[in-house]
1. Quick one: net charge around residue 249, please, counting Lys, Arg +1 and Asp, Glu -1 for every other residue with C-beta under 12 Å from its C-beta.
2. Each label point is 7 Å from the Cα along the Cα-to-Cβ direction; what then is the distance between the points at residue 168 and residue 256, in nm?
3. Taking the Cα centre of the chain as the origin and placing charges on Cβ (Lys, Arg +1; Asp, Glu -1), which of 137, 46, 68 is farthest toward the positive end of the dipole?
4. Summing +1 for each Lys or Arg and -1 for each Asp or Glu, what net charge is found among the other residues whose Cβ lies under 12 Å from the Cβ of residue 276?
5. How do 202, 240 line up, fewest other C-beta atoms within 10 Å first?
6. So who's got an amide H within less than 5 Å of the one on residue 56, skipping anything under 5 residues away but keeping other chains? H placed 1.01 Å off N, in plane.
7. If I take R0 = 22 Å and measure r between the Cβ atoms of residue 4 and residue 44 in this structure, what FRET efficiency does the formula 1/(1 + (r/R0)^6) give, to the nearest 0.05?
8. Can you give the calculated 222 nm mean residue ellipticity of the chain, where each DSSP H run of n ≥ 4 adds -39,500 (n - 2.57) and the sum is split over every residue, rounded to the nearest 500 deg cm²/dmol?
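Throughout, read-outs are computed from the coordinates displayed, never taken from laboratory work. Predicted, not measured: the structure shown is a model, and the values here were computed from it. Here Cβ is always computed from backbone atoms with ideal geometry, including for glycine, and neighbour counts include all displayed protein chains.
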Amino acid sequence: MAFFPEFWFTEKYSGTCGFTFKVKQVLYTDKSELQRIDILETFDFGRVMLLDGLIMFTERDEFVYHEMISHLPLFAAEEPKDVLIIGGGDGGTAREVLKHEYLNSITQVEIDKLVVETSKKYTPFVGESLANPKLNLIIGDGIEFVKDKKSLYDIVIVDSTDPFGAAEGLFNVEFYSNVREILKDNGIVVAQAENYYYDKRWMMRSVNNMRKAFGEDKVTIYQASIPTYPSGTWAFSIAWKGDTHPKDSFDKERFEKLNLKLKYYNPEIHKAAFVLPNYAREILG
Ligand code: AG3
């Protein structure tokens with residue numbers, strides 16, 4: 001009987017549990033100055049990008065994350081014109097933001113050029129957008145970029161990796177304070193904020209530091225179902241400078257006019273995403 005070797009990948013959540021799937025083929029492996037990058041071809045999730053062995057996105061469910069980190073703040077904001085994306089080197093967030101054709105400017109600051117190049121080549125379903133001439137893509141450090149600038153953006157989207165290594169500084173109070181300064185008066189910031197099942201301290205690092213920068217009552221989280229991320233339920237921290245809670249400021253007219261073909265986000269989800277189970281509320285305090 002012939003023997004067919006099988007290759008299974010596990011993202012380890014701890015020493016005792018994780019998430020596993022079978023791999024058809026490793027399409028790419030390399031190391032940048034900052035991290036190891038792998039692209040896998042899988043049976044169940046299409047192409048998958050790993051950074052340092054952690055799942056950044058899969059072809060099958062990336063739409064949830066990218067729609068929710070983009071459209072929610074964009075439709076919550078009042079007449080947004082200028083958007084800043086920090087991180088997001090794969091291009092998925094840029095793809096969604098670019099759907100808002102009325103925007104004046106979209107600036108993205110990604111620290112790792114190799115992520116950009118790899119995504120363009122191996123995962124064009126997200127990476128293609130990085131070549132869009134409407135996107136002003138800067139290869140640089142987002143932490144430095146937001147320093148000493150005032151009132152430039154309506155929305156800042158922080159599409160980072162987990163809070164260690166290069167991304168650690170994207171979760172601290174100095175960074176969020178600079179983001180507050182770079183936002184215009186009614187500006188909104190959204191950041192990927194891990195999950196409250198395995199990593200509640202990571203999530204709360206983002207929430208608590210946003211609270212210090214924006215004020216206790218100007219920060220919350222909203223959530224979305226992302227099957228291939230730890231716990232399957234992902235949190236996004238959100239802070240706003242104006243008076244209106246973003247769950248109450250959905251711009252219906254703009255939404256209907258744009259008529260986007262989306263797979264996750266809709267007007268009901270805009271509100272529902274802020275509804276949290278009791279144990280998550282308790283963690284938030
Ligand atoms: N950035 C957030 C990924 C976090 C996932 N963490 C993990 N698998 N441990 C995603 C980048 C997509 N643009």
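1. Local charge sum for residue 249: -1.
2. Between residue 168 and residue 256, the label points sit 5.0 nm apart.
3. Looking along the dipole axis, the top candidate is 68.
4. Taking every Cβ under 12 Å from that of residue 276, the sum is +1.
5. Ranking 202, 240 by Cβ neighbours within 10 Å, fewest first, gives 202, 240.
6. Under 5 Å from the amide H of residue 56 lie the amide H atoms of 49, 50, 51, each far enough along the sequence or on another chain.
7. With R0 = 22 Å, the Cβ-Cβ based efficiency is 0.80.
8. -8000 deg cm²/dmol
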